[in-house]
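The values are calculated or read from the model by the stated rules, or taken from the named source; none is laboratory data. As the structure is a prediction and not an experimental result, all values here were calculated from the model. Please note: Cβ atoms are built from the backbone with ideal geometry, for glycine as well, and neighbour counts cover all protein chains shown. The accessibility values were calculated without ligands, DNA or RNA, using every heavy atom of the protein model including side chains. Shrake-Rupley method; radii C 1.70, N 1.55, O 1.52, S 1.80 Å.
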Amino acid sequence: MDSSLTPQQQRRFEAWLHSPSVFGPDRLELILAFKIAHTFKAVPSKALKVLRGVDGQSPQLVSLLEDFVRDEPTLVFVGEPPLRRVGLRQGD
């Protein structure tokens, strides 16, 4: 996974950024959460909360998204919930 967006995704992403449920200064984290949500046809704001490790999310979605990040060689979790972030793995 990378941080690129198609023109259609870019328009949807920019609209999503104006949602009151979206917050955070890390644009990369927001793009990755948006793309991961799109991959699983999930609500991006819920995916963002799951990826951050916020309590109270659907256990099925938590399992699905956490497993995806752990299995995706380009992604990594940084930090601990509820302040955890998803990011791109740096070269070893």
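Against the set [x] 13.9; [y] 13.2; [z] 15.0, the structure's computed Kirkwood radius over Cα pairs in Å falls on [y]. With every protein chain kept in place and ligands, DNA and RNA left out, what is the accessible area per residue of the chain? Probe 1.4 Å, answer in Å². Normalised by residue count, the accessible surface of the chain is 61 Å². Near Leu83: Cβ cut-off under 14 Å, other residues only, Lys/Arg at +1 and Asp/Glu at -1. The net charge is 0.
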